[in-house]
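Accompanying notes for the structure given below.
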Amino acid sequence: SSSLFDRLYQEAKNQNKTTHETNQSMDRALVWTSVVFLSTVLLLLQLVAVGIWQEQGEATVARTFRPHIDAMSSALEPEFGEGSQRVESQEVDDLAQSKFVATMDSPEGGDTTVDVQSDMLVVWSSGDSTYQLWQSALLACSLKAQGEHNFLRILHRNVNFRRHRQAEQRRYASRRFPHTDRYYLIDRIPTFLTRDYSYMHHDNYVPYNRILGLRDLLAHLRSTRSLGHVKQLCILDPDMICTSRVTQRARDGSPLGSLHVFLDVTKMTEFVEGNHTFVGRAWAPLLITLDDLERILQCWEGKTARIREATHNWIAEMWAYNLCASEAGIQHRYVDTLQVLPPAGPALADAHRFNFFHYAYPLEVGSWRWDKHDFLRAESTVPGPIELGGSQQERSVVPPGISTFVSVFNHAMEQCDAFKTHDWRA
C-alpha cells in the first residue's frame, strides 16, 4: 500500500506540474497577445495623428517656416525672393500628376478661364510668398481695369504633388483651409497651379519656374484642347501694373519685346550653337506666338543651366532666352511703349501711352525712398498707398516718372478688392 501511495502521489505531482506549465504558457501567450494588440492600436493612432497633421498642420508649418525659407532665398537674390524647397528628381516627372487649373469659377480645378474668342493670353509666373501674392493681385486688378480679362497666373507651390494632390483637391472643395486657397488668391485670380522648379539642376535658381511653368501650361492647354483661338502669349513679370490694354500682336518668327540694354549677350558667345549673326536683347513684356515659344522652350532650360553652371549669373534665364531665339532664327522687334521703368516715365496725362509700369527698381527723391524689396524683407506685410515724403522743396522737384508711378500704383490699389478684404496674415 505504501508503494501504491507513492505512485499515486508522484502521478498527482506530475499532473500538477504539467497544469502549472500549461497555465504559464497560456499566461505568456496572453501577455504577448496584449502587447501585439496594444502596439497595433498605438500604430493606428500614430497613423491617424500623422494624417491629421498632414491635413491640418500644413498651414501652421508654412506660417512658421515660410519667413525663414524666404529670408534665406532673398539673402542670395533679392529680386526673386520667394521661398522654395527642394524637389526630388523623381517628382519632376509625370506632368499629369503635377498640376491642375484652379479658377475663380472652379476653385477645385477644371476648365481654364481662357477666352476662346481671344487670340492672346496674358500670363506671368509667381511664387507662393506674400511678396509675390500682393504683386499678382495688383497686376490682375490693373488688367481687369483696362478691360483685359484673358489672363492666367502660373503659381508655383512648395508641395509634393505626388503625395498631396488628392488632399489639395479636397481642401479646395471643402474650403476649410484658407491657407491653401484663399490665402493664395486662387479664388480671385485665374490660376494654373504647378510645382516649384527652383532646385532643378542642383541649383537654387527661381527663374527655372518661368521656363518650366510655361512648358507645363502649354502642354496642359494643348492636351485639354483649351486654347480656343489663342495663338500667342503676352509674358509679364508680376511686378507690373497695366495702364493700357495691349493691342499689338506678334507674328511667327518676329515676337515683340522690350529692349533691355543690360543684356550684353556678346559676353555669351561661347554658348551660341551654330553661326548666328544676330542675338537680341529682348525681355518682358514679351508677345510671342505659341509656335515660336515652343521652339525656344526646346533649348531654354538646358542653355540656362549651362550659363548658370559657368557664370552663376542671375540673368542667365534672359540670356538663354535670347540665345535660343537666335538659334531658332527668331528675331524680336522692340516696342518702346510696352513698358516704362520708373524713375523714368511720362507725365500722368501720358501714362496711357505705355502698356505697363514695371516697378523693378528702388525710387528715391532726396530723403524719400520706396522699394518693393522692403516688403520682401518683412514677409507678413503688404504695401499701402504710396505717399511722397521728404521736404516740401524735395517734393517740388519730383521727376514726372515717379509722381506718375505713385498715382498709377495708388489708383490700381484703390481698385483692388484684395487689399481691402484679404487677410494677409495667413
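The values are calculated or read from the model by the stated rules, or taken from the named source; none is laboratory data. Note that the coordinates shown come from a computational prediction; the quantities given were computed from them, not determined experimentally. Ideal geometry is used to build each Cβ from the backbone, glycine not excepted, and the neighbour counts take in all protein chains shown. Remember, those area values only see protein heavy atoms, side chains included, never the ligands or the DNA or RNA. Shrake-Rupley method; radii C 1.70, N 1.55, O 1.52, S 1.80 Å.
A few comments on the model shown:
Okay, residues lined up against (1) hydrophobic (A, V, I, L, M, F, W, C); (2) open to solvent by less than 40 Å² (accessible area, probe 1.4 Å); (3) within 18 Å of the chain's Cα centre (by Cα); (4) over 20 Å from ALA284 (Cα atoms):
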{"residue": "LEU193", "(1), (2), (3), (4)": "yes, yes, yes, yes"}
{"residue": "ASP196", "(1), (2), (3), (4)": "no, yes, yes, yes"}
{"residue": "ILE241", "(1), (2), (3), (4)": "yes, yes, no, no"}
{"residue": "SER254", "(1), (2), (3), (4)": "no, yes, no, no"}
{"residue": "GLY257", "(1), (2), (3), (4)": "no, yes, no, no"}
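- Boolean, GLU317 is among the charged types (D, E, K, R) and under 21 Å from the mean Cα position of the chain (by Cα): yes
- When CYS234 is tested against (1) of a type in the set (A, V, I, L, M, F, W, C); (2) closer than 16 Å to ILE330 by Cβ; (3) open to solvent by less than 20 Å² (accessible area, probe 1.4 Å), only condition (2) is not met.
- Residue match in segment 267-286 (condition: modelled with pLDDT of 95 or more, surrounded by 19 or more Cβ atoms within 10 Å (Cβ to Cβ) and part of a loop (DSSP other than H, G, I, E, B)): no
- Every residue from segment 299-334 that is among the small types (Gly, Ala, Ser) and in a loop (DSSP other than H, G, I, E, B): ALA328, GLY329
- Among the residues listed as ALA250, ALA305, the single one being in contact (Cβ under 8 Å) with a residue 40 or more places away in the chain and out of contact with any strand residue (DSSP E or B) (no Cβ under 6 Å at 6 or more places or on another chain): ALA305
- Only one of THR404, THR337 that is at pLDDT 90 or above, in a helix (DSSP H, G or I) and surrounded by fewer than 19 Cβ atoms within 10 Å (Cβ to Cβ): THR337
Residue-by-condition table, conditions (1) touching a helix residue (DSSP H, G or I) at 6+ places or on another chain (Cβ under 6 Å); (2) over 17 Å from LEU338 (Cβ atoms); (3) not hydroxyl-bearing (Ser, Thr, Tyr):
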{"position": "VAL230", "(1), (2), (3)": "no, yes, yes"}
{"position": "CYS234", "(1), (2), (3)": "no, no, yes"}
{"position": "ARG245", "(1), (2), (3)": "no, no, yes"}
{"position": "ALA250", "(1), (2), (3)": "no, no, yes"}
{"position": "LEU259", "(1), (2), (3)": "no, no, yes"}
{"position": "LYS267", "(1), (2), (3)": "no, yes, yes"}
{"position": "GLY280", "(1), (2), (3)": "yes, no, yes"}
{"position": "ASP291", "(1), (2), (3)": "no, yes, yes"}
{"position": "GLN298", "(1), (2), (3)": "no, yes, yes"}
